[in-house]
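What follows is a short report on a single structure.
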Amino acid sequence: MIGARSIAEPTIKDTIIHRMDPRAKILILISTAFVAVTLDNPKTMFLLFLIVLSGFAFARMPAIKLKTLAILLILLIWGTIYSQALFYSQLPRTVIFTIISPDFPILGWLTNGGLFVYAEGLKHGAVQGLRSASILSLGLLMCWTTDSRDMLNGLVGLRVPYSVAFMVVTAVRFLPIIITEVATVVTVQRLRGFNPKRFGSGIIKTSLNILTPTLSNCVRRTGTLAVSIQSRAFRANTERTYLKKLKFSDFDKAVVTVCIFTAVSIVIIKLLYNLYTGGIYYTSGLRPVYAIARGYL
Amino acid sequence: MYSEGGTVRQNKGDTAVEIKDLWYTYPGRTEPTLRGVNLKIEEGEFVLLTGPTGCGKSTLLKTLNGIIPHESGGIFSGSIKISGIDTGNSNQMELSRKVGLVFQNPDDQIFSTTVEDEVAFGPENLCFEREEIDKKVGEALQMVGMSGHRLSSTNALSGGQKQRICIASMLAMMPEILAMDEPVSQMDPAGTQEILNTVRDLNRKLKITILLVEHRLHELAPFADRVVIMDSGKIIFDQPASKAFEHLDVFHRLGLRVPEPVEICHTLGIKASPFSAEETFPLLNNGDFKEKTRRYLTRHDPEKRINMGCSVENTEPLVSIRDLWSGYDKNKMVLKGINLEIRRGERVAVMGTNGSGKSTLLLNLAAMLKPYKGSVKVFEEDTKSKNPYSFAGRIGFVFQNPDLMLFCDSAEEEARFGPVQLKFENIEERARISLEAMSILNLKQDLPQSLSRGQRLRTAVASVISIDPELILLDEPTTGQDRVNIEQMMDYFKNKGSTLVFCTHDIEIAMLYATRILVMNEGQIIADGRGRDVIKNIDILRKASLTQPPVVEIANYLGIDAFSITELVETLTHRSSEVVI
């Protein structure tokens, strides 16, 4: 119960990552998302993933959070690779393993010609998995190293409307409490003799049982919070002042500049390469660029 | 309706709140929650609004800053004026600068991760300059005694500390009216006094009008100018605080707790309503009670007469704790070397300051938390190798928030859930008995979430007692509950002879129902014994932010060994009859 809460809440420490301006973190996340979506090369994608993971080392994340991250990443990457390996539909594709032969009674017919593991599917799945994993990891790193109020100020600093930023941050802020409450409801059920892990009906019934108290509690809490913040003049004025002043340090500027420059460069190179491969635009002067795109991106 | 308003309001300024014939029905309901409320509060008044749970107090508060009807919808009629502004014709933003609201559960109000940010939120919205915000945050925190926690994480605070932050976040905006919905219900007695003194100072020095909703009437009455009682959506009583308790029948009928000194004086036939023990002493001197009692005591040994509580010396220990160190972070232990044995049939009250480790101790007893060092044995089984589910059916846990315990479609299903899962026999009988014991048999088909707070607590208790566990753990069961609900629940456990461990700040309830009181401070047990022994040690009580109940102070003054109103009055009545003879 307590562990669930520790996982979801930010860990405030004095590290280089924690000290970064929230605006810088948001800009880095956006840049990385562009890069991750643009890249197709498994090796470069893996390198990006490693760079993101190194952030956790710099942030000196506690073991419980690293464990959570590992579980999430394994589930995400393995799930993506597995599904893509089985259901890869593009051609050419190379069968490396047969799970259900087309001749297998009933199942062969049901699977529309058998079920195979494809080499290209594995590679495609790995890229997709690493793509999602990089963005997820960086998002978690940002949430785990940034105080929610700093995040709010960061979003406002990036011209996100205050009301929208407040809603986003408050929703994230209450996530740990909801997780704690879910854990409490499960504990209550089990103390009353119910086994939530019982296969089938156990899991379904548990989900329904969790939903009622946590939802009604959420509704009640949301109502109280709304009243509470309104009575504190929330949106009473179109503008507002801030006690804390965000400071974009030279380090932040340098990192953000590198990230944005890299992201923009990769997107442009990839765009030019796609124009070339699509037969839309080609110029011999850009051959080195095409080579970089083909070899590394 | 009892009403007498003029005396207190003299010398006050303009009208702060004026409510005329207010009716309100929530969307989807057929019965109105407010039924023709009329109330006038002058600027600078301190009004205590009380009444049984579900009577409409909280709803009335929400009408003050326009939440009702602007945000809630529903059917609304009548008028409310705040400093002359009609809430119906005004917007909520304007009203929010006039009325500050503080609610019961601080977790529902705090959204910032640091104390400073939370308190600064209001002044920031009001566009104060940075230096001004900084100053206001500092002042507000100082007012609630939380200056040292300015940079603390809000999650690291105890319930009481969080509530102080909620109050500070309102104080930072310096509203004209402070409306508070049970703001001290989760605080220890010393914390309560501290906050109430602060609120009183704000009221007296800065003329902030206070409207405070609270069940703990006996603790708050001394601070108020007026006592207003609601029942079934109406105001049925409105009196100056000094005269309110001349009508004790109203309080008794509604199950509201009356200050002990008032109860004692009225029982002894003294026509006065003192709020504190100190105010009671001269009244007892006038009646020569002290001298007569001294003469009586020379012929009687009170120790022989007073009920010494149940003896459990020879019963088996259900719980055995040895050098327990436990907490949520290994670098910051909450419990530090606890040694404890609890025997079958004991009712143990765990008391102490907010954050002293009471709830952590309970979580260890239920195997929800594991010892970092030492051992916890429940039913002779070491909890280190067990999970809480190993004790399903043997340990019953009622959480502070009963809402998280209610997940079925009806109160009856809640009571049936445990016995069905544990494959007990006589399921219907168990459900019926437990619902009947909590007086909610007539609500058995109702959706638990739609019941009042008191009824929800009783449903949660019924869902536990239908299992008939050997050890029952209650985490702050008295929070936000009126006297009737508390007594009904505790009477059940007392009559059944249950083994009970409950955390509470309510020393009167602990004295009344516990066979043993543990006092905790900074993760250690600093006192452990019968209530009447623990309560004598003023130094220990002070250390744990507890105070002696007024009845004990009065008994000490008279030189009597009495620990409840019944005992005190009984002793004095015996004495009177002997003296007459």
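General remarks:
- With only Cα atoms counted, chain B has Rg and Dmax values of 24.7, 76 Å.
- Computed over segment B:191-256, the quotient of the alpha carbon radius of gyration and 2.2 N^0.38 Å is 1.17.
- Across peptide B:120-132, the average count of Cβ atoms from other chains found within 10 Å of a residue's Cβ is 5.
- Pairwise Cα separations in segment B:470-530 fall into 10 Å bins from 0 onward with the following percentages, short to long: 20, 57, 22, 2.
- Accessible carbon and sulfur surface of the protein assembly as shown relative to its total accessible area, %, 1.4 Å: 56 percent
- Principal axis dimensions, segment B:63-172 - Cα atoms, whole angstrom, descending: 46, 30, 19
- The Rg/Rh ratio of chain A, with Rg taken over Cα atoms and Rh as the Kirkwood radius over Cα pairs, comes to 1.04.
- Its Cα gyration tensor gives the protein assembly as shown an equivalent ellipsoid; the semi-axes, largest first and in whole Å, are 57, 35, 25.
- Straight-line reach from B:K271: taking Cα to Cα under 16 Å and skipping same-chain neighbours fewer than 8 places apart, the aspartates and glutamates in range are B:E246, B:D249, B:E260, B:E263, B:E279, B:D288.
- The alpha-carbon of A:K65 sits under 17 angstrom from the alpha-carbons of these lysines, leaving out residues fewer than 8 places away in its chain: A:K13, B:K330.
- In terms of distances greater than 31 angstrom between alpha carbons, the cross-link table entries A:K25/B:K336; B:K136/B:K536; B:K98/B:K162 yield A:K25/B:K336; B:K136/B:K536.
- Whole-angstrom gap from segment A:33-86 to segment B:33-89, using each part's C-alpha centre: 54 Å
- In this structure, the amide hydrogen of B:F245, modeled 1.01 Å from its nitrogen in the peptide plane, lies closer than 5 angstrom to no residue at least 5 positions away or on a different chain.
- Here is the P(r) of segment A:6-77: all C-alpha pair distances, binned every 5 Å from 0, give 3, 13, 19, 26, 23, 12, 4, 0 in whole percents.
- Listed peptides B:197-206, B:503-512, A:124-133 by packing density, highest first (mean Cβ within 10 Å): B:503-512, A:124-133, B:197-206
- Under the criterion of Cα pairs below 8 Å and six or more residues apart, the relative contact order for chain B equals 14 percent.
- Over segment A:84-180: Rg over Rh, Cα atoms, Kirkwood Rh: 1.30
- Solvent-accessible area buried by pairing B with A, both sides, nearest 100 square angstrom, 1.4 angstrom probe: 5500 Å²
- Cα pair count fraction exceeding 17 Å, expressed as % - segment A:175-260: 68 percent
- Accessible area in the full protein assembly, largest first, 1.4 Å probe, for A:S163, B:S385, B:S356: B:S385, A:S163, B:S356
- Inter-chain neighbour count for B:386-395: the average number of beta-carbon atoms from partner chains within 10 Å of each residue's beta-carbon is 3.
- Probe 1.4 Å, protein heavy atoms only - accessible area per residue of chain A in square angstrom: 52 Å²
- Distant alpha-carbon pairs in segment B:307-425 (separation over 23 angstrom), percent: 41 percent
- One quarter of the convex hull surface built on the alpha carbon atoms of segment B:408-502 amounts to 5.7 nm², the projected area averaged over directions.
- Estimated D of segment A:1-146 in µm² per second, where Rh is the Kirkwood radius over Cα pairs and Stokes-Einstein applies at 20 °C, 1.002 mPa s: 124 µm²/s
- Average accessible area per residue (Å²) across segment B:130-177 - probe 1.4 Å, nucleic acids and ligands excluded: 37 Å²
- Anchor B:K135: lysines whose Cα lies under 18 Å away (excluding residues fewer than 8 positions away in-chain): A:K244, A:K245
- Paramagnetic reach from A:I260 in segment A:157-177 [backbone N under 16 Å; point 7 Å along Cα→Cβ]: A:157-160
- Projected onto its three principal axes, the C-alpha set of segment B:168-219 covers 25, 19, 18 Å, listed from the longest axis down.
- For the peptides A:86-92, B:101-107, B:406-412, the ranking by packing is B:101-107, B:406-412, A:86-92, with the highest mean count of neighbouring Cβ atoms within 10 Å listed first.
- The HN-Hα couplings worked out from phi for segment A:85-101 by the Karplus form 6.51 cos²θ - 1.76 cosθ + 1.60 (θ = phi - 60°) are 4, 7, 10, 5, 10, 7, 10, x, 9, 10, 6, 10, 7, 9, 8, 10, 6 Hz, whole numbers, x standing for Gly and Pro.
- Highest to lowest packing among A:55-64, A:275-284, A:247-256, B:16-25, scored as the average C-beta count within 10 Å: B:16-25, A:55-64, A:247-256, A:275-284
- Neighbouring Cβ atoms from other chains, within 10 Å of the Cβ of residues in B:352-365, number 0 on average.
- From the C-alpha gyration tensor of segment B:126-263, square roots of 5λ in Å: 31, 16, 12
The values are calculated or read from the model by the stated rules, or taken from the named source; none is laboratory data. These figures come from a predicted structure and were not determined experimentally. Glycine gets a Cβ as well: all are built from the backbone with ideal geometry, and neighbour counts include every protein chain shown. Just the protein is used for accessible areas: all its heavy atoms, side chains included, with ligands, DNA and RNA removed. Shrake-Rupley method; radii C 1.70, N 1.55, O 1.52, S 1.80 Å.
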